[in-house]
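Following this message is one structure expressed as structure tokens.
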Amino acid sequence: MFDRLKSGLKGLVTKVTKTELTNESLDPILSDFTLSLAENDVAFQVVDKICDNLKNRLIGLQIKRLDDRKSLVEDNLRQVLLEIMISEKTINLLDRIDEKKQRKEPFVLLFVGINGTGKTTTIAKVANFLKKKGYTVVLAAADTYRAGSIEQLEEHGKRLGLRVIKHDYGGDPAAVAYDTISHARAHGVNVVLIDTAGRMQTNQNLMNELSKIKRIVSPDLTVLTLDSLIGNDAFMQAEEFHNSIGIDANILTKADADVKGGSALSVTYVTKKPILFIGVGQTYEDLDFFIPKNFVQMIMS
């Protein structure tokens, strides 16, 4: 996972360790590193930020021993990457669910994204995660357009032992979401997970419909699922969705197949919203909390 990004970071550390920490020496190395980051799907604005910050940290430092130099370069690069990935506002999902639970209100997550990101499967993974943490969960089949979508969510619900609230195809997705929240309130269910139809961020009519759903149900979190394999398209999708409806967090899917890693490195900086989870496989268990410090440690290892 993220092998190419790891290789690029390792190469940078090796080169910088062996050179003088001056403008003249660092510029060609950082120029090559810029290309490496771009090739690994790191957003261009993030590439510039990383290189500028690293250069400012390193220029003029005087270190004699080689081991000390290598350690210093690694520490500064690690800090630069961490600053890129930490959002202005963090989300402690379980604490927030507990707060609503104490008020006897369901915590509502609205899931959005384009077709093909693995949104419905991700919802099932999140449901499984929360169920294992001891919360009760109900699923809203508010994708009333895509053929088979309701049956897909129902199959996940059956496997996980969870109730799915649905209407007929072609029905109002906002009504499905509303009825699911009403069901949760009536039965003391802790968490509502709302599936919505996948849509391109450029389709204004469908984005308006999503805005309607959000306006009616007032979710506690609006979560965007992003396919980590699509590179810079992920950042454009995130910006468009956030500008249109407002998102609170991201989930990166298919990270286990991503050899580049640019999406994971860039999406928080681009959207100013944290990554909540990453999908790392096909089973319900293959969902990890995303912790920026752990991610940076992993790609620097």
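Report whether or not V112 is in contact with a Ser or Thr (Cβ under 8 Å, 6 or more places away or on another chain), touching a residue at least 40 places away in the same chain (Cβ under 8 Å) and closer than 30 Å to I245 by Cα.
Numbers: in contact with a Ser or Thr (Cβ under 8 Å, 6 or more places away or on another chain): yes; touching a residue at least 40 places away in the same chain (Cβ under 8 Å): yes; closer than 30 Å to I245 by Cα: yes.
So V112 passes the test.
Hey, another quick one. Any residue at all in the range 67-81 that's closer than 28 Å to F290 by Cα and of a type in the set (V, I, T)?
Filtering the range 67-81 for residues closer than 28 Å to F290 by Cα gives 70-81.
Now drop any that are not of a type in the set (V, I, T), which leaves 73, 80.
The answer is yes, given that some residue of the range 67-81 is closer than 28 Å to F290 by Cα and of a type in the set (V, I, T).
Could you tell me which residue of the range 1-28 is modelled with the lowest pLDDT, considering only residues that are closer than 24 Å to N232 by Cβ and hydrophobic (A, V, I, L, M, F, W, C)?
M1
Suppose we filter R57, R96, R69 for residues that are in contact (Cβ under 8 Å) with a residue 60 or more places away in the chain, of a type outside the set (V, I, T) and not in a strand (DSSP E or B); which single one remains?
On the way: R57 fails: in contact (Cβ under 8 Å) with a residue 60 or more places away in the chain; R69 fails: in contact (Cβ under 8 Å) with a residue 60 or more places away in the chain.
Just one listed residue meets the conditions, R96.
Looking at the range 30-48 only, could you name the residues that are surrounded by 13 or more Cβ atoms within 10 Å (Cβ to Cβ), within 20 Å of the chain's Cα centre (by Cα) and not hydrophobic (A, V, I, L, M, F, W, C)?
N40, D41
Turning to a different aspect of this structure: Quick check on the range 195-215. Is at least one of its residues buried (at least 21 other Cβ atoms within 10 Å of the Cβ) and at positive phi?
No; the residues of the range 195-215 include none that is buried (at least 21 other Cβ atoms within 10 Å of the Cβ) and at positive phi.
Continuing with the same structure: Going by what's in this entry, would I97 be described as buried (at least 16 other Cβ atoms within 10 Å of the Cβ), in contact with an Asp or Glu (Cβ under 6 Å, 6 or more places away or on another chain) and closer than 23 Å to I213 by Cα?
Values: buried (at least 16 other Cβ atoms within 10 Å of the Cβ): yes; in contact with an Asp or Glu (Cβ under 6 Å, 6 or more places away or on another chain): no; closer than 23 Å to I213 by Cα: yes.
Criteria not met by I97.
Please verify whether T283 is buried (at least 23 other Cβ atoms within 10 Å of the Cβ) and within 17 Å of T120 (Cβ to Cβ), treating the condition exactly as stated.
Values: buried (at least 23 other Cβ atoms within 10 Å of the Cβ): no; within 17 Å of T120 (Cβ to Cβ): yes.
In short, no.
Collect the residues in the range 40-70 that are of a type in the set (D, E, K, R) and in contact with a Lys or Arg (Cβ under 8 Å, 6 or more places away or on another chain), keeping them in residue-number order.
Residues of the range 40-70 that are of a type in the set (D, E, K, R), as a first pass: 41, 48-49, 52, 55, 57, 64-65, 67-70.
The answer is D41, and nothing else.
Against the definition (over 29 Å from D256 (Cβ atoms) and part of a helix (DSSP H, G or I)), how does S36 come out, yes or no? Step through it out loud before you land on a result.
Working: over 29 Å from D256 (Cβ atoms): no; part of a helix (DSSP H, G or I): yes.
Answer is no for this residue.
Can you tell me which residue among L77, L72 is surrounded by 14 or more Cβ atoms within 10 Å (Cβ to Cβ) and either modelled with pLDDT of 90 or more or in contact with a strand residue (DSSP E or B) (Cβ under 6 Å, 6 or more places away or on another chain) (or both)? Give the steps one after another, and end with the answer.
Working: L72 fails: either modelled with pLDDT of 90 or more or in contact with a strand residue (DSSP E or B) (Cβ under 6 Å, 6 or more places away or on another chain) (or both).
Matching residue, one of L77, L72: L77.
Could you please tell me which pairs satisfy a Cβ distance under 9 Å, a separation of 6+ or placement on different chains, a first residue in the range 275-289 that is closer than 17 Å to R159 by Cα, and a second residue that is among the small types (G, A, S) and modelled with pLDDT of 95 or more?
Short answer, once both residue conditions are applied: Y284/A124; Y284/A127.
The values are calculated or read from the model by the stated rules, or taken from the named source; none is laboratory data. Everything numeric here is computed off the predicted structure, so don't read it as measured data. When we count neighbours, we look across all protein chains shown, and the Cβ atoms used for this are built from the backbone with ideal geometry, even at glycine.
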